[in-house]
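The values are calculated or read from the model by the stated rules, or taken from the named source; none is laboratory data. This is a predicted model, so every value here is computed, not measured. Reconstructed Cβ throughout: ideal geometry from the backbone, glycine too, with neighbour counts over all protein chains shown. For the accessible areas, the whole protein counts, side chains as well, though only heavy atoms, and no ligand, DNA or RNA atoms are used. Shrake-Rupley method; radii C 1.70, N 1.55, O 1.52, S 1.80 Å.
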Amino acid sequence: INEEALEDYRESKERYEFLSTQMSDLDASSDQLRTAIAELNVEIRVRFNHTFEVVNKAFGEYFQSFFGGGEASLSLTSPDNVAETGIEIEATPPGKRIKSLSLLSGGERSLTAVALLFALLAANPAPFCVLDEVDAALDEANVGRFAASLAKLSEKTQFLVVTHNRRSIEVADAIYGVSMGRDGVSKVLSLRLGD
């Protein structure tokens with residue numbers, strides 16, 4: 001007769017009850033997490049689709065504004081799987097039948113990219129945006145359209161634009177220039193246009 005059998009049984013029973021309780025808690029937590037993940041996936045899908053539609057509409061409007069017509073749109077490569085989908089850009093400038101970005105000229109591609117960037121900023125304004133020589137490939141008329149749209153978006157977003165283009169500089173609130181003197185030392189010049 002094992003006189004410690006009752007004590008061993010009591011300890012084993014307590015351990016079993018403790019582990020059973022822990023397992024049921026883990027199962028309940030697992031179910032709650034699965035439910036939360038499913039709800040988040042639905043919410044992400046709804047928000048993504050809404051934002052995608054807003055950006056797509058704004059992209060078409062900016063494209064038409066920049067090009068004086070034409071059509072541009074965004075489409076999902078896999079609309080059923082939002083988590084892993086890609087985005088296709090279709091752009092047709094006025095008077096052309098091109099839809100592929102690779103067939104557009106450098107200026108047209110640059111203007112299309114700016115239209116997409118401005119559409120994203122219109123849908124979800126960022127507090128600060130840096131643009132580096134985005135107007136370099138644009139002709140004079142397109143720089144004017146770019147500058148007008150930039151001035152309108154600057155109500156909600158602060159822009160830092162690196163440019164050599166006079167028309168882009170004209171819409172700035174402040175100008176900072178870097179100049180090198182004869183002694184080879186760079187100097188920063190600044191000018192507030194409001195003053």
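Percent relative contact order of region 66-195, based on C-alpha pairs within less than 8 angstrom and at least six residues apart?
Averaging sequence separation for qualifying contacts and normalising by length gives 17 percent for region 66-195.
When a/c reaches 1.5 or more, the comparison of a/b and b/c decides; with that in mind, is region 97-168 rounded, prolate or oblate per its Cα gyration tensor?
oblate
Treat region 67-195 as a sphere of radius equal to its Kirkwood radius over Cα pairs and apply Stokes-Einstein at 10 °C in a medium of 1.306 mPa s; give the translational diffusion coefficient in µm²/s, rounded to a whole number.
Diffusion coefficient, whole number: 94 µm²/s.
Mind giving me the nanometre distance, one decimal, between the label points for Ala136 and Glu7, set 7 Å out from Cα along Cα→Cβ?
With each label point 7 Å from Cα toward Cβ, the separation is 8.4 nm.
If you count only protein heavy atoms and use a 1.4 Å probe, how large is the accessible surface of Val134, to the nearest 10 Å²?
The accessible area of Val134 comes to roughly 30 Å².
With a cut-off of at most 11 other beta carbons within 10 Å, and DSSP calling the residue loop, which GluC sites (Glu not before Pro) in region 77-174 qualify? Please list them.
Taking region 77-174 and a limit of 11 other Cβ atoms within 10 Å, the loop GluC sites (Glu not before Pro) found are Glu155.
Would you list, by chain and number, the lysines whose Cα falls below 30 Å from the Cα of Lys156, excluding same-chain residues fewer than 8 positions away?
The reachable lysines, counting only those whose Cα sits under 30 Å from Lys156, are Lys57.
At 1.4 Å probe size, with every protein chain present, just tell me what the per residue accessible area of the chain comes to in Å².
71
Ignoring ligands, DNA and RNA, what percent of the 1.4 Å accessible area of the chain is carbon and sulfur?
Percent of accessible area from carbon and sulfur atoms in the chain: 54.
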